[in-house]
Amino acid sequence: MNKILSRKKFSENVNEYVISAPDVARRADAGQFVILRVDEEGERIPFTICDFDREAGTVTILVQTVGYSTMKLATLKEGDCIADFAGPLGKATDLDEYENILLVGGGIGSAVIYPQIKKLFSKGKKADVVTGARNESLLIYRNEFKTYARNLYEMTDDGSAGEKGFVTDKIRNLLDGGERYDCIFAVGPLPMMKAVANLTRGYGIKTIVSMNTVMVDGTGMCGSCRLTVGNEIRYACVDGPEFDGHLVDFDEAIARNGFYRDEERSHVCRLTGGVR
Amino acid sequence: MADFLRHEMKNQSPEQRVKNFDEVALGFDKATAKAEAERCLNCKNAPCRKGCPVGVNIPAFISYVKNDDMDGAVASLNGDNSLPAVCGRVCPQERQCERFCVRREKAGGSVSIGALERYVADYALKKGKQQERKVKTTGKTAAVIGSGPASLTCAADLQSHGFDVTVFEAFHKAGGVLVYGIPEFRLPKDIVKKEIDNLSEMGVKFRFDTIIGKTFTLDELRKNFDAVFIGTGAGLPLFLKIKGENLPGVYSANEYLTRVNLMKAYDKNSITPVQRGKHVVVVGAGNVAMDAARTAVRMGADDVTLVYRRGREEMPARREEIIHAEEEGVKFELLTNPAEILGTDGKVSGIRCVRMELGEPDSSGRRSPHAIEGSEFDIICDQVIVALGTSPNPLLRDGATGLEITSKGTIVVNPETGETSLENVYAGGDAVTGAATVILAMGAGRLAAKSIIEKLGDK
Ligand SMILES: Cc1cc2nc3c(=O)[nH]c(=O)nc-3n(C[C@H](O)[C@H](O)[C@H](O)COP(=O)(O)OP(=O)(O)OC[C@H]3O[C@@H](n4cnc5c(N)ncnc54)[C@H](O)[C@@H]3O)c2cc1C
Ligand code: FES
């Protein structure tokens, strides 16, 4: 059992939870994730570690309410406990070898680049950040990115904050404007990461993506998280979650991720009595 | 005069059981158990014991049943086997103890040792807690990694010899393959739970959601415990490496069975989804394949076809499971090998197979199959479950300085003691042998515990 120490609403359907998990915090690093179960009957769902405090023994996760389990999580309050919290899982991201880095976060994906910019900042490395969302209310960690990024570029679909457009518009803009990044780290919905990878391929810039595939155990036991990277089967939970974006078969990953959507929907209905 | 013919357990009828997840075999009643026990000739040299990897004193516990002394039977059996209710259900008896029974060929068939073991173990579970034995503590501590049969056996033996034992399990539940792999209809989870509750009552501590190699490392455990046992199993699924294998609708048996068993996807109220295939193809012919196929039948498939590249004789599953699968309508396509998984609209729509023929026996005596040219044919299906076997999970190796591993990923141990290349670190079960059996895993857990007790326990 792990206690929810604080819960903060970020936007309409995004909440930040600080969870007491000293064992996970102890070895956690940017890029890793946890698998949690909300209660005894819960399914196992993965969440990125957004932040951690080894001394306080806490781990921060950001939860977008999308299905049955995240909805159930959204009903919990400060002081409540969740049944299971296992981690840290996956490999930590290592951007040490790069000098001029661009971090790109789409929607909730910004939660994955946030610990990254913090880590780079603490190492004295400068990096630029592009974040994108449908509208202003869905942009997250805005102040934090302002603090840690060399330059922050915000993009919204409707122009309610930053510039109007997609993150790829901004990246193209920056690259054509003469920015010389040696690494782009992009995290967001699969179609966004695919678009970024397709764009940067032409520029020959190393592009790393974080693959949020469907997981069950998170320890390499089931193969549900598998994806094709450079014609090889890789497991997102143990080999990843980060992979070379130019080698990932995104179409396959998109097909696999869409597979359970219908099942999920019927569960949502049961919880809300049909209201979504 | 004892009955001549072997008694078999009664089963739920195939028509009935395909509609539920309840246990198929119903066990002996008292009269049948006694009648079957009478059949045991109590051979002096007890050939059956040689067939048992942990050497259970089979004639001894059966004699107690014969004499209506059930408590005696329980005491005798428990002394040899810490998970008898499990073994009675899942051991391949026909290849172990029952194979050596002198009645097998000419005297009405082997004694039903497995069914009797189950009968005695279930009696004990129903009766509840045994009288507590006071154990003098040794002041020594042991960490046990994983909670499958190897680990549970090792933990029980160490705790009962005065060690302070902590089990570290990656999942949220104890039991390893016994809970996430073997389905309810073959091994009710209640039974596994009772066996594990017994361990907790003995004082074994369980830490779930703890992945060694991630949450803690082996190096750290070595610093904090006097002895360590590694029973992490062989959880990494193998795939066919053919085209179409990553299409949605293709599962490893591990994923399929975990979703259904551990996460209870068969229950309409479960929130873990699983695809309910209409036309299901299972690849493989071991226990895992049989379990996947029979689970698919119960999940409401219209037809389930099992594809295996060798012949019936070579099928590695327990005989009872093969029979049960056929009774439940699973179709076998033997001497058949998948060549490609076909997709339509990004989903599985079929599987292309080739027919095989068996060649001359190789050095190991196994006849290896060859594809027959031009024999391709397609099976229409919307779900494919791959049950080709598993290899050890590599996570543990992070932070396991000096632990010797074979090229196959299995842990190297001294076969006499179970000790690894690291002092006071022992290993056993599927992590050492590759995917094998419950009883071999238990035997390995027991051997390691014995070595640890001899080395570190009270003299
Ligand atoms: C579907 C299926 C059906 C089977 N049917 C039969 C049968 O009928 N008869 C039979 O004899 N055998 C059968 N087997 C095989 C048998 O279950 C195994 O041989 C046996 O369970 C191996 O036991 P073990 O203790 O070595 O490992 P496992 O039972 O695999 O347990 C290993 C445990 O370690 C945990 N773990 C792994 N890595 C870590 C880590 N790094 N940190 C912490 N914990 C970790 C795992 O989560 C797991 O709980 C079957 C197997 C399957 C999959
Ligand atoms: S989530 Fe099961 S193998 Fe990755």
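The values are calculated or read from the model by the stated rules, or taken from the named source; none is laboratory data. Quantities reported herein were computed from a predicted structural model and do not represent experimental measurements. Virtual Cβ from ideal backbone geometry, glycine too; neighbours counted across all protein chains shown. For accessibility, only protein heavy atoms count, side chains too; no ligands or nucleic acids. Shrake-Rupley method; radii C 1.70, N 1.55, O 1.52, S 1.80 Å.
Before we move on, is A:Met155 part of a helix (DSSP H, G or I), away from ligand 2 (no atom under 16 Å from the Cβ), buried (at least 20 other Cβ atoms within 10 Å of the Cβ) and touching a residue at least 12 places away in the same chain (Cβ under 8 Å)? No, not satisfied. For the stretch A:14-42, enumerate the residues that are touching a residue at least 60 places away in the same chain (Cβ under 8 Å) and outside any strand (DSSP E or B). Scanning the stretch A:14-42 gives A:Ala21, A:Val24, A:Arg27, A:Ala28, A:Asp29, A:Ala30, A:Gly31, A:Gln32.
Yes or no, residue by residue, for (1) away from ligand 1 (no atom under 16 Å from the Cβ); (2) away from every other protein chain (no Cβ under 14 Å):
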{"residue": "B:Ile379", "(1), (2)": "yes, yes"}
{"residue": "B:Gln383", "(1), (2)": "yes, no"}
{"residue": "B:Ala387", "(1), (2)": "no, no"}
{"residue": "B:Arg397", "(1), (2)": "no, no"}
{"residue": "B:Leu440", "(1), (2)": "no, yes"}
{"residue": "B:Arg446", "(1), (2)": "no, yes"}
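Number of residues in the stretch A:30-42 that are within 13 Å of chain B (Cβ to nearest Cβ) and either out of contact with any strand residue (DSSP E or B) (no Cβ under 7 Å at 6 or more places or on another chain) or among the basic types (Lys, Arg) (or both) equals 5.
Filter the stretch B:212-230 down to residues that are crowded, with 20+ Cβ neighbours inside 10 Å and in contact with a Phe, Trp or Tyr (Cβ under 9 Å, 6 or more places away or on another chain) and give me whichever is farthest from the other protein chains (Cβ to nearest Cβ). Step by step, filter the stretch B:212-230, then rank; the result is B:Ala227. Once the stretch A:213-226 is narrowed to residues that are more than 7 Å from every other protein chain (Cβ to nearest Cβ) and away from ligand 1 (no atom under 13 Å from the Cβ), the residue that is modelled with the highest pLDDT is A:Cys225. Note on the stretch B:132-184: residues that are in a loop (DSSP other than H, G, I, E, B), within 15 Å of ligand 1 (Cβ to nearest atom) and either surrounded by fewer than 23 Cβ atoms within 10 Å (Cβ to Cβ) or not assigned by TED's automatic domain parsing to the domain that holds B:Gly443 (or both) amount to 4.
Of all residues in the stretch B:272-287, those satisfying the criterion of being surrounded by 23 or more Cβ atoms within 10 Å (Cβ to Cβ) and away from ligand 2 (no atom under 16 Å from the Cβ) are B:Gly277, B:Val280, B:Val281, B:Val282, B:Val283, B:Gly284, B:Ala285, B:Asn287. Does B:Asn424 fit the bill of being at pLDDT below 90 and open to solvent by 20 Å² or more (accessible area, probe 1.4 Å)? Taking the combined requirement at face value, the residue does not satisfy it.
B:Lys241 falls short on exactly one of the conditions (1) within 23 Å of B:Leu388 (Cβ to Cβ); (2) open to solvent by less than 40 Å² (accessible area, probe 1.4 Å); (3) out of contact with any helix residue (DSSP H, G or I) (no Cβ under 8 Å at 6 or more places or on another chain), and that condition is (2).
When the stretch B:68-112 is limited to residues that are assigned to a loop (DSSP other than H, G, I, E, B) and of a type in the set (Ser, Thr, Tyr), the one that is nearest to ligand 1 (Cβ to nearest atom) turns out to be B:Ser82. Would a scan of the stretch B:248-266 turn up a residue that is aromatic (Phe, Trp, Tyr) and open to solvent by 30 Å² or more (accessible area, probe 1.4 Å)? The answer is yes, given that some residue of the stretch B:248-266 is aromatic (Phe, Trp, Tyr) and open to solvent by 30 Å² or more (accessible area, probe 1.4 Å). Looking at B:Arg312, B:Arg294, B:Arg366, B:Arg352, just one residue is within 22 Å of B:Gly249 (Cβ to Cβ), more than 14 Å from chain A (Cβ to nearest Cβ), among the basic types (Lys, Arg) and surrounded by fewer than 19 Cβ atoms within 10 Å (Cβ to Cβ), and that residue is B:Arg352.
Every residue in the stretch A:46-68 that is within 14 Å of chain B (Cβ to nearest Cβ) and open to solvent by 10 Å² or more (accessible area, probe 1.4 Å), please.
Across the stretch A:46-68, the qualifying residues are A:Pro46, A:Phe47, A:Phe52, A:Arg54, A:Val66, A:Tyr68.
With respect to the stated conditions, B:Val56 fails to be surrounded by 13 or more Cβ atoms within 10 Å (Cβ to Cβ) and assigned to a helix (DSSP H, G or I). Screening A:Asp262, A:Asp251 for residues that are modelled with pLDDT under 90, away from ligand 2 (no atom under 16 Å from the Cβ) and not polar (S, T, N, Q) leaves exactly one candidate, A:Asp262. Hey, can you tell me all the residues within the stretch B:231-242 that are within 24 Å of the chain's Cα centre (by Cα) and within 14 Å of chain A (Cβ to nearest Cβ)? Selection gives B:Thr232, B:Gly233, B:Ala234, B:Gly235, B:Leu236, B:Pro237, B:Leu238, B:Phe239, B:Leu240.
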